[in-house]
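Worksheet: the structure to be examined is printed underneath.
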Amino acid sequence: MGKLIFLSLIVSIVACATPEERGVKMAKHIERNFGPTCKEMGYQPDTDKYRECELSLFNADIQRAGAAAATMNK
């Protein structure tokens, strides 16, 4: 159920917004949800490594959500 809510959030972020607005909303979502973990792992905010960490965690979360959805549809 949580993954469905997560995917719904992503869809709502993408719908009804300009590309620039979607980018800002997505960046805020990634920072809010994955930034604290990257900080705990020792990455310094506003560095390339910190952003790479956030994107890596975001991509892993998207892959898990997709795999969970595929499993539910079997």
Using a Förster distance of 22 Å, the FRET efficiency for MET26-GLU52 (Cβ separation, nearest 0.05): 0.90
Pair CYS16, GLN63: separation of 7 Å Cα→Cβ label points (nm): 3.4
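Computed from the coordinates by the stated procedures, all read-outs in this text should not be read as laboratory data. If you're wondering where the values come from, they're calculated on a predicted model, not measured in any experiment. All Cβ positions, glycine included, derive from the backbone under ideal geometry; neighbour counts span all protein chains shown.
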